[in-house]
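Report on the structure given below.
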Amino acid sequence: PETGRFTQGTIKEARPLEKFFGYQDLKMEIGRHVMAFARGNATPPLLFVGPTGVGKTDLPVAFFNTLPNLTMVRIPESGLGKLDGIIAEFAKRPGRYVLIVDDIGIESDKSKLEAQWKPFRTVYEGVSGSGPENVLIIISSNDEFPQNVRTRGNVVEFPDIADGQRYHGVAMGIISDY
């Protein structure tokens, strides 16, 4: 149903958390952060970086499907420029919200880069600052985040399975999961 400017939907065919093999370290790191938020603590944003297809969107969805007290909201990339207003709107509502901004392309032009991230930096001032207590932001990108964005959240790097050294660790994790 339509609720104001947002539309409620469901996530079909979401992979369960236990089906993410070889991601023990990532699951522990993200799990600590998400569980702290689910228990009522304000937490800094999670900034996911890594190549396409490694679970930057699916892994948090799997976590949130196990936590019924959280409401997940997907924000399109175009919403990054309005993020301060979107966060303010959810901060006024009862409940706990996880806002996921997926697949952000990082601008190469310095002035466009500044404009792209200003609303985010406005909400999360200072180093690893927390925004509203009832809102957790997750932003994912295939590209590295600018330094003045990285300092305002917890950066989580997803492995590039094409990189033989890092893939070996993931493969060993998959084996140990069995």
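From zero up to wherever the largest Cα-Cα distance of segment 32-84 sits, split into 5 Å bins and tell me the percent of pairs in each.
Per 5 Å bin, starting at 0, the Cα pair percentages come out as 4, 15, 22, 27, 21, 10, 1.
Between Asp143 and Thr66, with labels modelled 7 Å along Cα→Cβ, what's the label distance in nm to one decimal, could you check?
Label-label distance for Asp143 and Thr66, simple model: 3.4 nm.
Give the cross-link partners of Lys112 among the lysines, using a straight C-alpha distance below 16 Å as the criterion and excluding same-chain residues fewer than 8 apart.
Those lysines meeting the cut-off are Lys82.
Return the FRET efficiency for the residue pair Arg93, Phe21: r is the Cβ-Cβ distance, R0 is 30 Å, and the value is rounded to the nearest 0.05.
Efficiency at R0 = 30 Å is approximately 0.25.
Mind checking the full-extension length gain between Arg32 and Glu157? Use 0.36 nm per residue of separation minus the Cα-Cα distance, one decimal, nm.
43.4 nm
Any read-out appearing in this document is the output of simple, stated calculations on the displayed coordinates, not a laboratory observation. In this text the structure is predicted, and so the values were computed from the model without any measurement. Note that each Cβ is placed from the backbone with ideal geometry, even for glycine, and that neighbours are counted across all protein chains shown.
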